[in-house]
1. Inspect region C:152-166 for any residue being in a helix (DSSP H, G or I), small (G, A, S) and surrounded by fewer than 22 Cβ atoms within 10 Å (Cβ to Cβ) and give the result as yes or no.
2. Say whether the condition of being assigned to a loop (DSSP other than H, G, I, E, B), among the hydrophobic types (A, V, I, L, M, F, W, C) and within 14 Å of chain B (Cβ to nearest Cβ) is met by at least one residue in region A:74-91.
3. At least 3 residues that are at pLDDT below 85 in each: list the helices (runs of 4 or more DSSP H) lying fully within region B:138-200 that qualify.
4. Is there a residue in region A:195-217 that is touching a residue at least 40 places away in the same chain (Cβ under 8 Å), among the hydrophobic types (A, V, I, L, M, F, W, C) and farther than 21 Å from A:V62 by Cβ?
5. Could you check region C:54-99 and list, in sequence order, the residues that are surrounded by fewer than 21 Cβ atoms within 10 Å (Cβ to Cβ), over 23 Å from C:A3 (Cβ atoms) and more than 10 Å from every other protein chain (Cβ to nearest Cβ)?
6. Could you tell me which of the residues B:S205, B:S200, B:S265 is polar (S, T, N, Q) and within 9 Å of chain A (Cβ to nearest Cβ)?
7. If I ask for residues that are among the aliphatic types (A, V, I, L, M) and either under 11 Å from A:I161 (Cβ atoms) or modelled with pLDDT of 85 or more (or both), which ones from region A:19-33 would you list?
8. Here's a check for you: in region A:122-180, which residue that is in a loop (DSSP other than H, G, I, E, B) and of a type in the set (D, E, K, R) is farthest from B:S259 (Cα to Cα)?
Amino acid sequence: MKKSPLPFLIGIAVIAALGFGATKLFGNQYYYFAAYVVLQYIVLSTGWNILGGYTGYVNFGVAGFFAIGAYTSVVLVKTFHAPMPVLILAGGAAAGLIGLGTGYLTLRLKGVFFSIATLALAIVLQTFVTNWDYVGGSRGVYTIRPKTVLFFDNYVEFLFIVMLLLALFAVATAWLIERSWIGRGLSAIRDDEVAAEAMGVPTLRLKLFATTVSGFMMGIAGAPYPYYVTYLDPASGFSLAYAVNSVAMPLIGGTTHWFGPVIGAVLLGTAQQVATVTISSAVNLLIVGILLVVFVVVAPEGIIGLFTKRNRKRA
Amino acid sequence: MSLDLLGNALVAGLLLGGFYAAVTVGITIAFGMLDIVNIAHPAFIMLGSFIAYFVNQAFGVDPIAIGVVFAPVFFVFGMVVYRIYYTAFERRGQESIRGLAFFFGVLFIGEVSLILTFGVDYRSVEAPYIGAGINLGPIGVPMRLFLPFVVSVVMLGLLQLFLGRTFFGRAIKAVSQDRLALQLMAANPARIKELAFGLSIGTASVAGSLLIIIGPVEPSIGRDYIGRVFAICVLGGMTSVPGTLIAAFIIGVAESFTSTFYGPSWSPAIAFGLLLLVLAVRPAGLLGR
Amino acid sequence: MVALLEVTDVTKRFGGFIALDSVSVEVQEGERLGLIGPNGSGKSTLVNCISGVLRNEGGAITFDGADMRGLPAHRRTRLGIARSFQIPKPFVSMTVLENLAIPLEYAAREWAHPGQVIDDAMAILAQVGLAEKADQRSHGLTQIELRKLELARAVAAKPKLLIADEAMAGLSSTEVDDILNLLLMLNNQGITIIMIEHIMRAVMMFSQRIVVLDAGRKIADGAPEEVVRNPAVEKAYLGE
């Protein structure tokens, strides 16, 4: 409640500056591709965690919200040649609205039904997209990167910076929520929803807020994706990898603190980028799944939890 | 719209529905009666399907027989899974996020393990009745739908008898109906729940073998069943085996009609749509605290 | 004078089971009301209907002149009804102080004044004797400390009416006195209190008036000495 915001804000500014600087110094495109994925997972994990870790409601349909962002971009690029900021806002808004709608239908029931609804939602969205020819259906759709872009040598570096800014935005939002009275209300809902309601917390309203913000974040993570991947089909847009990683990264990193999803995304994301070169992507995902189960059983408060426990024992 | 088409769609829907009930009854027990959100249930079903495939291909054994023979193995496996779940989560009162994430992880590990072992191609079994059918006038009744239907109904009937007439069965019902009272009396229903969960997974062995008789399978189709299974369970009143059967018929017929008149790719959306509808109308048993 | 809380002909059913059958109670401002009755008589159900956790099917509940129909629990808390839970439900991830911050920020609407929240919280903790535990999480607290936290949290909602649901159950004799004095002190500060208890000496010492429920019906309502001698009350507790 009392810490100064200055260190955090300075940190954000420094990282942004470093990012810009890097694009001027390093030419090897591979690093930008890899960093984009890790940054994307920071956004997805942080977004997931606002509803999952802070509020206690688990979204298993992250792939669906991500794909909403991606496919909204496809539609806007195809129809209007819309610029990146519009794509991001529209993708986020669409995903946020779907989150709000799902929440409105299910958040008055036991938390489990929200989770099941998100799982089923992702599958249904995939069905819709597969049947929608305008966005390519099952055949997929091509999105061509512009040859030139302001300030940057190429579009990939631009995408990297876009995702870096989105990641910083996501983390800053989570940090803001966490240290505010709204964040405390969400924690109260997670700890004991009945008691929270009895203590004056408008639980339904806060849950809908968290769902919308969370959905928005997952949508903005997906908005630049068609440009990143250039060929988008339902299999890649709704990939299994998003589903498990967005849940595993916060759970492994730590769900009660904004830094947890970041640690999880950086560690797991980087490891997977390195590993995909050497082992198959299926084995990759299997390991993530196993890590998820192990951490959930053995270290429920994640890596951050392991550190705070050690500190508490010393104190 | 021809009457023949309608008739065939109806019959196919009912037969499919019977099978869906077999898939769902495991959830009716685990989720409806024991409040364990085992979203990994489809993974166990897929495991059953692939075991049936493997043994059938290697030894030529009838798939239904495989499913029944392996049911005790799945039963034990289910008890082990419950033990882990209980020790890690239920005992500490943390079923909500952690338990869900646990089962999600299991679902995921299941699917990916199957992909690694068997690949992503469609697999099917061979049996003399697959491909055969009988004709009741204009209605064709494929054996690959009819036999699973029969087996499903028999399995559900046996379960219903078990729950109503045996000691353990009634103990399971008691646990489901008076969870709170049992908790307040510090009685430990864990033993009963362990057996019940084992039973729930045991049904997956049979359901899996039926699934691969009905049609070819590949590891990811388990996910299509998640929405269906919970939709049927909720629609059927959560704790009732007959309710599960009726709800399964409804969803089976709805899917069959949609598939016949609009195309098969919309089937997963039907169950989900119905689930949302049911949740929106909100029967009292679902209200959150 | 209009009563602070008016419960009129309230009925609550769970399926076929009638938990409350046309119960009517009035509570005046500043009053100390005891609510007693055998197990299963509907006391908790009545509390849940008043606080908004449950919706009653029949009858009306009016608080401070306002009809409570359709209002969710958090709104009723903001209007001035606070309750503690029979089995304490602390916010386990938060410190004792943060537990009080929630009702202060939400029910008492002090979210815009973080400094005042801390001051108010420490003052309440000092009142109940938990000031040294302010920075601890709840899982290290003893039973009585948990009960005090439960009450402190309800007080932090700055209520006009506080419902203390079996706050003394299972405590030792001195601990019961501790809670009793706390409730009396809160009442002196102007908070109307409904005490639900099984510990008769506490109820008798605390209450200005006692209401007795049995099998969902009110069977007695009056001064403690009268209620205790009421044959219907004896029968309810001891059987025929």
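1. No: zero hits.
2. The answer is no, given that none of the residues of region A:74-91 is assigned to a loop (DSSP other than H, G, I, E, B), among the hydrophobic types (A, V, I, L, M, F, W, C) and within 14 Å of chain B (Cβ to nearest Cβ).
3. B:167-177, B:179-184
4. yes
5. Within region C:54-99, C:Q86, C:T95 meet the criteria.
6. B:S265
7. Of everything in region A:19-33, just one residue is among the aliphatic types (A, V, I, L, M) and either under 11 Å from A:I161 (Cβ atoms) or modelled with pLDDT of 85 or more (or both), namely A:A22.
8. A:D153
The values are calculated or read from the model by the stated rules, or taken from the named source; none is laboratory data. Just so it is clear, the structure is predicted and the values come from calculations on it, not from any experiment. Positions of Cβ are generated from backbone atoms using ideal geometry, with glycine treated the same way; all protein chains shown enter the neighbour counts.
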